[in-house]
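Notes follow the structure.
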Amino acid sequence: MIRAHHRTGVDEVRGTEDVRRLLDLLSVAEDATLVHRDTPDNRVWVGVRGDRGAMLFTDVGTGSWASLGEGPRRRPRYAGVRFPTHCEIPVADLAKAIEEFLATGERPTRVPWQQVR
């Protein structure tokens, strides 16, 4: 289970339908912080702007990683965190990455990443 903290409250994400509901919510709320119940040392921040979104993953072992996409050229801010440039990916890919994080509690392998320093 993932606990999703966003502007309008907290939701529990347990499956694919919950991920879809969360992304629909993020189209309005724009961002959330996700915490996997089984791996509390990992954190994920996600944001959505229209049909694009971004994910930032951090853990104590590997550091911080952001999704790698084509834009934007300026550093966006999601969930109170400044993301690197070129971090936005299609929302459909973001959904797959969130579903993988839900299943594994680890950094998803379904999207490309860039290390954040």
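We did not get these values from a lab; they are worked out from the coordinates using the rules stated. Worth saying up front: this structure is predicted, and the values here are computed from it rather than measured. No Cβ is skipped: glycine too gets one built from the backbone with ideal geometry, and neighbour counts run over all protein chains shown.
Observations
- Listed peptides 69-75, 104-110 by packing density, highest first (mean Cβ within 10 Å): 104-110, 69-75
- Point-to-point label distance, Ala103-Thr62, nm (Cα→Cβ direction, 7 Å offset): 1.6
- Divide the volume of the convex hull around the Cα atoms of the range 1-64 by the residue count and you get 81 Å³ per residue.
- Distance in nm between pseudo-label sites at Thr8 and Arg82 (7 Å out along the Cβ direction from Cα): 3.0
- Computed as a quarter of the hull surface, the mean projected area of the alpha carbon convex hull for the chain stands at 6.2 nm².
- Table column - 3J(HN,Hα) (Hz), the range 104-110, Karplus curve with 6.51, -1.76, 1.60, x for Gly and Pro: 10, x, 10, 4, x, 9, 7
- In sequence order, calculated HN-Hα J values of the range 67-84 (Karplus, 6.51, -1.76, 1.60; Hz; x Gly/Pro): 4, 10, x, 8, x, x, 7, 9, 5, x, 10, 10, 6, x, 10, 7, 8, x
- Under 5 Å, built H, 5+ apart or other chain: amide partners of Tyr78: Phe83
- Taking θ as phi - 60° and the Karplus parameters 6.51, -1.76 and 1.60, the scalar couplings of the range 96-101 work out to 4, 5, 5, 4, 5, 4 Hz in sequence order, x denoting glycine and proline.
- Residues Val116, Val13, Val60 arranged by fewest to most Cβ contacts within 10 Å: Val60, Val116, Val13
- Near Val19: Cβ cut-off under 11 Å, other residues only, Lys/Arg at +1 and Asp/Glu at -1. The net charge is -2.
- Summing charges over all other residues whose Cβ lies under 9 Å from the Cβ of Leu34, with Lys and Arg as +1 and Asp and Glu as -1, gives +2.
- Helical content alone sets the calculated 222 nm signal of the chain at -7500 deg cm²/dmol, taking -39,500 (n - 2.57) per DSSP H segment of four or more residues and averaging over every residue.
- Local electrostatic count, Arg107, Cβ distance below 15 Å [Lys/Arg +1, Asp/Glu -1]: -4
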